[in-house]
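J.: The structure follows.
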Amino acid sequence: MSSCYHIIIRLIYSLIAIIFFYSCSESKIDGIILLTNSEIEVGILPEVGGRIVLLRKPGKDNILKSDSSLWINADQRKPEITPSTDFVAFNGNITWIGPQKEWWVHQNLNIERKENKADWPPEPYLIYSAYQITEQTKTFLKLVGPVSPINGLRLTKEYRITNGGEVEIKVTAKNERKTTVKWDLWMLTRLDGFARAYVPISESGILELVIKKNNKTETTPYKVVSNHFTFDPSLPSSDKNEQVQEVHLYPSRNYIVGFGKNQMLLINFDKIEKNLIHPNHGLVELYSFINKDGDDTLLELEVHGAYKTLKSGEIMTLTETWKLKHYNGENNSKDHLTFLKKNLEL
């Protein structure tokens, strides 16, 4: 009787453990891991750099630019990862490292890119490798990537959603080389090119407008409204193929706002001193691209961390906190900024 009793108890505990595991694990839909509650839905693609590819209020559209057809069987759709890999746009939210001009300088696996000091494409090991899941619940996911032979870094990514609907992102880079390296962490969030972004700036906040017009390209117009920088994108003129611009900014406050798909995305970050940012970059950068037919468009909301020297085994981190709000107003700067001010927690 005692033996049967203990067998039944063990079976009950095993059943409880199985139920607990599945209740605490994330849902997986369309090839992505889904962190979700009543306020927010966040989809992550571990197989392709551990990136966020879905962000929305429940019942709304994905505010991020990302092709959901690429999520299923993503391992088969992503490029082969070698020192010669070209760029494939899975988009969403991803972490690069900076400065861009040194992407291929500190390696000997692709000599042509090293000698040319290539600033494109980004190195593939951090952004296309499969990341291992090391911790997971319904509201938290921790991923660890491989060591990049191009720059010596290993990235760990932590994603958490709160009961209030916030998304907390933490990326940690560890120097796995035996020698010292110097890099920054650089987080990019991609929206549709006709979405609108706003960055608070003072008079000296515009550090550099990077891209100049030429025979085929015109620059994206911009304006400063109520002390906020914003692009004003449109289809390029009839004699141009593209409308494009990149801007480096030092914001007066620690946020970027993006409006799209009837939602407002508020990104908060650490406002570090200007002298800690690599001189080739800004604390915040925006990139706007519209092609002639308007079917290939992009708006990047970018944040740089401090440019740091890492000895072997040392780490650095970059964090962001996201908030997503329903927005039903008109698509213009006045309404956008009025809504922002009402919803900005001072």
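The values are calculated or read from the model by the stated rules, or taken from the named source; none is laboratory data. These numbers were taken from a predicted model, which means no experiment stands behind them. Cβ sites come from the backbone with ideal geometry, for glycine too, and all protein chains shown count toward neighbours.
J.: Please find, among Lys240, Lys223, the residue that is charged (D, E, K, R), closer than 26 Å to Asn343 by Cα and more than 23 Å from the chain's Cα centre (by Cα).
T.: Every option except Lys223 fails the conditions.
Quick grid of which residues meet (1) under 26 Å from Leu265 (Cα atoms); (2) in contact with a Pro (Cβ under 6 Å, 6 or more places away or on another chain); (3) hydrophobic (A, V, I, L, M, F, W, C):
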| position | (1), (2), (3) |
| --- | --- |
| Asn73 | no, no, no |
| Ile81 | no, yes, yes |
| Glu102 | no, no, no |
| Lys117 | no, no, no |
| Glu123 | no, no, no |
| Gln132 | no, no, no |
| Lys142 | yes, no, no |
| Gly145 | no, no, no |
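J.: Yes or no: region 302-315 includes at least one residue that is within 30 Å of Gly59 (Cβ to Cβ) and of a type outside the set (Val, Ile, Thr).
T.: Scanning region 302-315 turns up at least one residue that is within 30 Å of Gly59 (Cβ to Cβ) and of a type outside the set (Val, Ile, Thr).
J.: Let me ask something additional. Of these, Asp86, Asp75, which one is at pLDDT 95 or above and loosely packed, with under 13 Cβ neighbours inside 10 Å?
T.: Asp86 is the lone residue from the list that is at pLDDT 95 or above and loosely packed, with under 13 Cβ neighbours inside 10 Å.
J.: Would you point out which residue out of Lys174, Lys182, Lys178 is over 28 Å from Asn62 (Cβ atoms) and not in a strand (DSSP E or B)?
T.: Answer to the selection: Lys178.
J.: While we're looking at this one, here's another question. Regarding Ile150, is this residue closer than 17 Å to Leu286 by Cβ and out of contact with any Gly (no Cβ under 8 Å at 6 or more places or on another chain)?
T.: Here the answer is no, as Ile150 does not meet what is asked.
J.: Which pairs do you get when a residue that is over 18 Å from Gly260 (Cβ atoms) and touching a residue at least 60 places away in the same chain (Cβ under 8 Å), found in region 220-240, comes within reach of a residue that is in a loop (DSSP other than H, G, I, E, B) and among the charged types (D, E, K, R), reach meaning Cβ atoms under 8 angstrom, with the pair 6+ apart or on two chains?
T.: That search, which allows pairs on different chains as well, returns Lys223/Asp232.
J.: Name the single residue that is farthest from the chain's Cα centre (by Cα) among those in region 268-288 being assigned to a strand (DSSP E or B) and buried (at least 23 other Cβ atoms within 10 Å of the Cβ).
T.: Applying the filter and picking the extreme gives Ser288.
J.: Within region 53-147, which strands (runs of 3 or more DSSP E) (wholly inside it) include 3 or more residues that are closer than 21 Å to Thr189 by Cα, under 18 Å from the mean Cα position of the chain (by Cα) and of a type outside the set (Val, Ile, Thr)?
T.: 93-98, 140-147
J.: Quick test of your reading of the structure: Thr338 fulfils all but one of (1) of a type in the set (Ser, Thr, Tyr); (2) within 16 Å of Ala197 (Cβ to Cβ); (3) not in a strand (DSSP E or B). Name the failing condition by number.
T.: (2)
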